[in-house]
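Inspection log for the structure reproduced underneath, given as structure tokens.
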Amino acid sequence: MRKAIVFTFAALLLLAACGSSSKSSSSGSSNAPVQLTGQVTNKGTATAANGSISIQATDFAFSPTFVKAPGGSTLTVNLKNAGQSTHTFTIDSPHVDQTLAPGATMTVKVTVPSSGSVNFYCRFHRTLGMQGAIFAG
Ligand SMILES: [Cu+2]
């Protein structure tokens, strides 16, 4: 009985969270080139040069947040954790999952889709808005 009540409450919470996140993403990121689900701390858009881009992880955002790169190209992403917390640079598909301690640097290669975007995020702080996207353009 008690379990059933907890489940119902969780379901309600989930519904409430869905409702509010769709609202905040449409109002809070109107200048974003890619619409992402949930909160996004938008530190701006940069264009890759010579097939590479530098992205800094901070507490708690990626800067730049959006990266424009040629569709179908292989992008070299130079990562640096400029924050005080450990962050990850994670992409679901094609799979990338790198963990960066404070001060750490790392280079990863990302295949840019021929159209559309690949989303990246920090596994620890995605709900704080720590996510972004690489988009073909
Ligand atoms: Cu993080």
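Nothing in this text is a laboratory measurement; each read-out follows from the coordinates by a stated rule. Keep in mind the model is a prediction, meaning the values are calculated, not measured. Backbone-built Cβ (ideal geometry, glycine too); neighbour counts: all protein chains shown.
Taking each residue of the range 68-90 that is in contact (Cβ under 8 Å) with a residue 24 or more places away in the chain and looking for partners that are hydroxyl-bearing (Ser, Thr, Tyr) and within 16 Å of the ligand (Cβ to nearest atom) with beta-carbon atoms closer than 6 Å, six or more apart or interchain, yields 80/105; 82/58; 83/58; 88/99; 90/121. Per the listing 120, 135, 66, the residue uniquely touching a strand residue (DSSP E or B) at 6+ places or on another chain (Cβ under 6 Å) and within 12 Å of the ligand (Cβ to nearest atom) is 120.
Applying the criterion of being within 13 Å of the ligand (Cβ to nearest atom) and surrounded by fewer than 18 Cβ atoms within 10 Å (Cβ to Cβ) to the residues of the range 81-99, the residue that is farthest from residue 119 (Cα to Cα) is 84. Pairing residues of the range 122-137 that are in a loop (DSSP other than H, G, I, E, B) with residues that are more than 16 Å from the ligand (Cβ to nearest atom), at Cβ distances under 7 Å and at least 6 apart in sequence or on separate chains, gives 137/68.
Among the conditions (1) away from the ligand (no atom under 16 Å from the Cβ); (2) in a loop (DSSP other than H, G, I, E, B); (3) touching a residue at least 24 places away in the same chain (Cβ under 8 Å), residue 37 misses just one, which is (3).
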